[in-house]
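The values are calculated or read from the model by the stated rules, or taken from the named source; none is laboratory data. Everything quoted here is computed from the prediction, not taken from an experiment. Virtual Cβ from ideal backbone geometry, glycine too; neighbours counted across all protein chains shown. For the accessible areas, the whole protein counts, side chains as well, though only heavy atoms, and no ligand, DNA or RNA atoms are used. Shrake-Rupley method; radii C 1.70, N 1.55, O 1.52, S 1.80 Å.
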Amino acid sequence: MSDDHIQRHDPLIVLSRSPLKMHIEIEREKGENAVESGYVLAGYRVATRADRHDWQDVGLAGPGLVSMSDCMVDLVPVDPDGWDDWFAGPQEAVIAHEHAGRPGLHVLGVGFAAADVPGVLADIADGGWDTSAGSLPERLARGERFPSPGGRRLGFELVGFDSGGWHTWTCIGGLVAAVRQATGVQPGPWGLIQDEQDARRAAQWLTDSGLGDPKVFRWAAALLTDAARSD
């Protein structure tokens, strides 16, 4: 089969002077990872999974709900003082996971769209945590690409920062139902939104609605990945 025939029948393939096989692989990889382009690393959390509580939306698929929010899950801290529960890389998070000696933990990678980072950093700074303190805000400001190779994409969670912690849309009563009614967007497997554009549209609607007030004023769609196999 000629190169011209391949080019006419596969729009993902763009011929160049590079070896054809290499170029095909590059273009296919771009297509598979398009959703993650433009995301930056927040960090890694070692977290439990959660069961749906009676006060939460009945549409949540439980048990085994995934969340980056300590409203929903228990987190392993980085240091003995427990003030920081954001790990810088997957390796140290995996080590903490192994040393914790607790069943049901998993390593969760978290990233935000680059376009959302200024707003997220502003909310974090309002809470008294700026880039000079290192950890989460410093990584977001640095703009390291996310996700890292090997992370399994789980979906998107709508979250907002408040007084040193993170709320999720599933921990504030009525938000899941309100978003579903207004936008048609609803959580899927693990309680996460699977489509990026749906997640970003829902986050914008929540922000504009003011329904998270007074806990959260600005919502963002966090991309979550499973960075290591859970127990």
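Just so you know, in the stretch 135-145 the residues that are open to solvent by less than 30 Å² (accessible area, probe 1.4 Å) and out of contact with any helix residue (DSSP H, G or I) (no Cβ under 8 Å at 6 or more places or on another chain) include one that is nearest to residue 205 (Cα to Cα), and it is 139.
Applying the condition of being without any contact (Cβ under 8 Å) to a residue 60 or more places away in the chain and surrounded by 17 or more Cβ atoms within 10 Å (Cβ to Cβ) to the stretch 71-83 and asking which residue is farthest from residue 201 (Cα to Cα) yields 78. Per the listing 104, 82, 109, 59, the residue uniquely assigned to a loop (DSSP other than H, G, I, E, B) and at negative phi is 59. Scanning the stretch 188-215 for residues that are over 17 Å from residue 111 (Cβ atoms), open to solvent by less than 30 Å² (accessible area, probe 1.4 Å) and modelled with pLDDT of 95 or more yields 202, 206. The helices (runs of 4 or more DSSP H) found entirely in the stretch 113-208 that carry 2 or more residues being more than 18 Å from residue 87 (Cα to Cα) are 117-126, 175-183.
Residues considered: 132, 163, 148. Of these, the only one that is at pLDDT below 90, closer than 20 Å to residue 219 by Cβ and surrounded by fewer than 18 Cβ atoms within 10 Å (Cβ to Cβ) is 163.
Let's see how each residue does on (1) at pLDDT below 80; (2) among the small types (Gly, Ala, Ser):
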residue	(1), (2)
24	yes, no
28	yes, no
31	yes, yes
46	no, no
54	yes, no
95	no, no
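For the stretch 92-119, enumerate the residues that are closer than 17 Å to residue 43 by Cβ, open to solvent by 10 Å² or more (accessible area, probe 1.4 Å) and of a type outside the set (A, V, I, L, M, F, W, C). Listed by number, the residues that qualify are 92, 97, 116.
Within the stretch 175-185, the set of residues being more than 19 Å from residue 68 (Cβ to Cβ) and in contact (Cβ under 8 Å) with a residue 24 or more places away in the chain comprises 177, 178, 180, 182.
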